[in-house]
Amino acid sequence: MLIGVPAETVAGETRVAVTPETAKKLVAQGHRVLVQAGAGLAASATDAA
């Protein structure tokens, strides 16, 4: 399954739909996870993570 994670567009919103830890678990289960660049920055999750 392909799972897409967009960046939040609401001003002041700091949540992200998927954390790096959750993304790793999903990939380990065989899913493909595509995360929009910068999606986790407000939640202190870098693109590298």
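No lab work stands behind these numbers, since they all come straight from the coordinates. Every value quoted in this text rests on a predicted model; they were computed, and no experiment measured them. Virtual Cβ from ideal backbone geometry, glycine too; neighbours counted across all protein chains shown.
Of 39, 28, 11, which has the largest mean-square fluctuation in a 10 Å C-alpha GNM of the chain?
Among 39, 28, 11, the largest GNM mean-square fluctuation belongs to 11.
Please work out the FRET efficiency for the pair residue 37 and residue 9, using the Cβ-Cβ distance as r and a Förster radius of 22 Å; give the result to the nearest 0.05.
Taking R0 as 22 Å, the efficiency between residue 37 and residue 9 is 0.95.
Quick check for me: using +1 on Lys/Arg Cβ and -1 on Asp/Glu Cβ, what's the dipole size of the chain about its Cα centre, in debye to the nearest 20?
Rounded to the nearest 20 debye, it is 200 debye.
In the neighborhood of residue 45, defined by Cβ-to-Cβ distances under 11 Å, what is the net charge if each Lys or Arg adds +1 and each Asp or Glu adds -1?
Residues close to residue 45 contribute a combined charge of -1.
Taking the Cα of residue 27, stepping 7 Å toward and past its beta carbon, and measuring to each backbone N in the range 1-18: which are under 18 Å?
1-7, 17-18
In 10 Å bins starting at 0, how do the alpha-carbon pair distances of the chain split up by percent?
29, 54, 16, 1
As an exercise, identify the GluC sites (Glu not before Pro) in the chain lying in DSSP coil whose Cβ has no more than 14 other Cβ atoms within 10 Å.
Filter output for the chain: 13.
Using the Cβ atoms and a cut-off under 10 Å, what net charge is assigned to the surroundings of residue 36, where Lys and Arg are +1 and Asp and Glu are -1?
Value of the local net charge: -2.
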